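Trainee: A single structure is presented below for examination.
The values are calculated or read from the model by the stated rules, or taken from the named source; none is laboratory data. Source: prediction; values computed, not measured. FYI the Cβ positions are ideal-geometry reconstructions off the backbone, even for glycines, and counts take in every protein chain you see. The protein model used for the area step is the full one, side chains on, heavy atoms only, and it has no ligands, DNA or RNA in it. Shrake-Rupley method; radii C 1.70, N 1.55, O 1.52, S 1.80 Å.
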Amino acid sequence: MSNKNRWLILAIVSSALLLIVLDTTILYTALPRLTHDLAASASEKLWIVNAYPLVMAGLLPTMGTLGDRLGHKRFFAIGLIIFGAASLIAAFAPVASILIAARALLAVGAAMMMPATLSIIRVTFTDAKERSLAIGIWSSVSAGGAGLGPIVGGLLLEHFWWGSVFLINLPIVVIAFIATMILVPHHAGDKEKKFDWIGSVQIMLGLVGLVFAIKEITRRGGSMALAVGALIIGITALSLFIYRQRRSAAPLIDLSLFQNPTFTFGTITAMVSSFALVGIEFIMTQRLQLVLGLSPLQAGLFVIYIPLASFITGTLAGLLLNRYPALRIQWMSLFVAAIGIGGYLMFHESNYMLQVACLMLIGAGLGSGMSAASSAIMNHAPSHKAGMAASIEEVSFEFGGASGIAILGSLSSFIYTMSLRVPGDLNVPSTVHDSIDEALLAAEHLPAQAADSLKEAASTAFDQSFVVVLATGAAITALSGLVILAVAYKVKTRRSLIVKEA
């Protein structure tokens with residue numbers, strides 16, 4: 001294959017990847033207007049955002065294995081078609097329930113494409129240095145695209161209605177499909193590879209059950225019995241999945257891959273990086289609009305420093321991986337991100353340049369961490385398991401993102417509900433305690449003075465939840481970096497002993 005075609009193929013899969021990750025975060029700036037127009041509840045609001053990454057995470061092991069079996073080019077092309085059709089449905093959804101269903105269908109198309117993008121890179125770039133650089137660029141697009149989502153959403157909402165954030169997918173889908181059919185070479189899949197439908201259902205039930213339990217526990221008026229039931233189903237399904245995979249001759253996920261610490265902690269770094277990036281960006285864009293009163297575009301432009309720094313350091317990390325151990329880059333990246341999150345917590349009401357510096361630290365740390373994680377996973381798996389490794393990598397990213405929204409978003413809602421103090425003379429519906437969106441919606445029907453009192457109380461409660469969320473995100477990121485540092489030290493010590501004995 002010519003050098004030119006290799007990089008053109010990278011451009012094709014990267015453009016599809018950009019669509020997939022944009023749809024994870026593009027709703028952040030559109031969410032307040034969308035929630036208002038569809039009269040979505042606090043729970044529906046979280047599911048509108050979370051249906052996409054959660055369903056994708058549940059399907060990725062299935063789609064990675066099917067891609068290995070049927071051929072990644074074919075799967076990639078079909079995924080593009082499904083993604084385009086679901087985007088059209090989502091754009092014109094009349095109610096929240098249809099939008100949630102459309103987001104789930106978007107996830108089906110994305111889950112078909114995601115493992116294929118990395119697998120196509122894995123088989124296209126045979127030189128190790130070129131492959132590390134290609135994966136670094138891929139990771140930069142992933143981290144940067146997630147950060148660009150709020151900006152793209154803000155730009156569109158300046159001129160169009162919220163459905164435009166989905167319609168923008170269609171021209172790119174068409175171009176990518178045509179380019180794929182012309183340029184991407186066909187690689188025959190392994191027809192002998194068996195497919196485990198039972199395992200696929202088990203992991204889907206497990207992931208959905210866990211996230212649903214988190215949402216129900218933190219929801220005001222949530223059912224503890226329902227939450228416990230969902231938690232039991234989730235844990236049981238995941239336990240059965242692991243049990244089945246260990247005994248299967250053709251597992252969806254080969255658990256022996258996790259015997260390599262670099263591979264294992266690559267998945268952990270991917271999960272934590274995505275958890276922090278998606279969860280914190282979600283809560284940050286909500287505060288910028290709902291508390292500070294910024295427009296969607298202004299909110300998107302404010303966080304642009306995160307994707308800019310992510311793209312630069314993600315590509316740089318891809319180059320440095322040929323010189324330094326992946327584990328070292330992973331723990332250093334997470335520490336940098338934790339310092340950035342903690343710094344923003346300290347300075348989020350201070351000098352603008354200090355806030356920008358902290359945002360860039362967040363982006364730099366998470367971007368390099370994602371790149372190091374992707375390279376560690378893909379370079380420590382055999383080529384015939386490229387689709388499986390890619391699906392594991394993407395499950396880590398998508399489940400990390402879904403967990404970030406579920407845990408940090410639900411924590412924000414919980415603290416908001418506990419902190420809200422509505423003035424006693426105001427006659428307002430109980431739903432104002434569910435979210436700041438519903439408090440602002442209720443304020444539209446109050447006299448001016450009463451409306452201002454309710455808005456001030458809701459903003460104060462949300463700011464208190466914002467502080468707790470950032471502190472939690474910083475702590476989780478720093479603790480993860482510390483664990484990986486300890487593992488890296490042990491690996492280095494073990495290798496030194498082996499060299500001395502030899």
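Trainee: With the cut-off at 1.5 for a/c, could you classify region 371-448 from its C-alpha gyration tensor as rounded, prolate or oblate?
Mentor: prolate
Trainee: Name the helices (complete DSSP H segments) of the chain with a Cα length along the long axis of 27 Å or more and a Kyte-Doolittle mean of at least -0.5, or state none.
Mentor: Membrane-span-like by this rule: 3-25, 42-70, 72-91, 96-124, 128-159, 197-218, 224-247, 261-290, 326-347, 352-379, 448-501.
Trainee: What part of the accessible area of the chain, given as a whole %, is carbon or sulfur when the probe is 1.4 angstrom?
Mentor: Here it works out to 68 percent.
Trainee: Taking only the C-alpha atoms, wrap a convex hull around region 22-99 and report its volume per residue in Å³ as a whole number.
Mentor: About 90 Å³ per residue, rounded to a whole number.
Trainee: How would region 400-443 be classified by its alpha-carbon gyration tensor: rounded, prolate or oblate, with rounded meaning a/c under 1.5 and the a/b versus b/c comparison settling the rest?
Mentor: Here region 400-443 falls in the prolate category.
Trainee: Right, next: Using a Förster distance of 30 Å, how high is the FRET efficiency between R244 and V483, based on the Cβ-Cβ distance and rounded to 0.05? Don't skip to the answer; put the middle values down first.
Mentor: Details: r = 28 Å, r/R0 = 0.93.
Given R0 = 30 Å and the Cβ-Cβ separation, E is 0.60.
Trainee: What is the P(r) of region 129-182, as percent of Cα-Cα pairs per 10 Å bin from 0?
Mentor: Each 10 Å bin holds this share of Cα pairs: 21, 33, 35, 10, 1.
Trainee: Find the Cα radius of gyration of region 243-369, compare it with 2.2 N^0.38 Å by division, and give the number to two decimals.
Mentor: So the Cα radius of gyration is 1.29 times the expected 2.2 N^0.38 Å.
Trainee: Still on this structure: Would you mind calculating the relative contact order of the chain from Cα pairs under 8 angstrom and at least 6 residues apart, reporting the percent as a whole number?
Mentor: Normalised by residue count, the contact order of the chain is 22 percent.
Trainee: Continuing with this model, one more query. Along each of its three principal axes, how wide is the spread of alpha-carbon positions in region 78-171, in whole angstrom units, largest first?
Mentor: So the three principal-axis extents are 49, 28, 20 Å.
Trainee: Then there is this: Based on the inverse mean of 1/r over its pairs of different Cα atoms, what is the Kirkwood hydrodynamic radius of region 410-499, in Å?
Mentor: That comes to 15.8 Å for region 410-499.
Trainee: Kindly identify region 301-367 as rounded, prolate or oblate by the Cα gyration tensor criterion: order the square roots of the eigenvalues as a ≥ b ≥ c, call it rounded if a/c is under 1.5, otherwise compare a/b with b/c, prolate if a/b is larger, else oblate.
Mentor: oblate
Trainee: Follow-up. Could you do me a favour and compute the accessible area per residue for region 31-160, 1.4 Å probe, result in Å²?
Mentor: That works out to 28 Å² per residue.
Trainee: Please state, rounded to one decimal and in Å, the Kirkwood hydrodynamic radius that the chain gives when every pair of distinct Cα atoms enters the mean of 1/r.
Mentor: Kirkwood hydrodynamic radius for the chain: 22.9 Å.
Trainee: On to the next question. Counting pairs of alpha carbon atoms under 8 Å apart in space and at least six apart in sequence, what relative contact order in percent does region 18-130 give?
Mentor: 34 percent
Trainee: Under 5 Å between amide hydrogens, which residues at least 5 positions from L426 or on another chain qualify, with H placed 1.01 Å from N in the peptide plane?
Mentor: none
Trainee: Now a separate question. Tell me, which longest segment in the chain has none of the trypsin sites (Lys or Arg not before Pro) that fall in DSSP loops with at most 13 further Cβ atoms within 10 Å?
Mentor: 1-190
Trainee: Given R₀ = 51 Å, what would the calculated FRET efficiency be for A471 paired with V95, taking r from the Cβ atoms and rounding to 0.05?
Mentor: 0.90
Trainee: Counting pairs of alpha carbon atoms under 8 Å apart in space and at least six apart in sequence, what relative contact order in percent does region 299-406 give?
Mentor: Averaging sequence separation for qualifying contacts and normalising by length gives 35 percent for region 299-406.
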